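The values are calculated or read from the model by the stated rules, or taken from the named source; none is laboratory data. As the structure is a computational prediction, the values presented were derived from the model and not from experiment. Ideal geometry is used to build each Cβ from the backbone, glycine not excepted, and the neighbour counts take in all protein chains shown.
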Amino acid sequence: MTAGLGRLILYTHRLEATAAFYSRYFGYEVHRQDGDRIVELRPPASGAVLMLHPAAKGQRQGQSLVKLVFDVKDVEAFCAAAKADGLTFGPIHKAEGYLFANAKDPSGNSISVSSRAFAQGSEKAG
């Protein structure tokens, strides 16, 4: 039996700001259902659905050991466009055949943009 990762839950005290962040910078579509406190963010193409869940009063923001990595072909161009739109990434790092840069969402969750999926020898490279 197999199962694919389809959804990630992010707990947040800043539900609206976090939904707007992923919509604005990564093209996610915001979906809400009447009576449901979870806000579902659907990806613009393929990828996992992000589910924003209101954090409990005692939950601390950004304390998870998880980082969301978004695949982009041109990290430098993406970071420049994001900066022009108000999101500043940290330094661009060069790894073995790919680039990546890190930032935080409004809830303090770690995010990254990476060209690893497009690097030569990557399973996704084409």
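Kindly establish whether Leu87 is within 13 Å of Tyr22 (Cα to Cα) and touching a residue at least 24 places away in the same chain (Cβ under 8 Å). In short, yes. Remark: pairs (first residue in the range 17-36, without any contact (Cβ under 8 Å) to a residue 60 or more places away in the chain and in a loop (DSSP other than H, G, I, E, B); second residue surrounded by 12 or more Cβ atoms within 10 Å (Cβ to Cβ) and not hydroxyl-bearing (Ser, Thr, Tyr); Cβ separation under 7 Å; 6+ apart in sequence or on different chains) = Tyr28/Leu41; Tyr28/Arg42; Tyr28/Pro43; Tyr28/Leu50; Arg32/Val39.
Against the test of being surrounded by 12 or more Cβ atoms within 10 Å (Cβ to Cβ), of a type in the set (A, V, I, L, M, F, W, C) and modelled with pLDDT of 95 or more, the options Phe89, Phe70 yield a single qualifying residue, Phe89.
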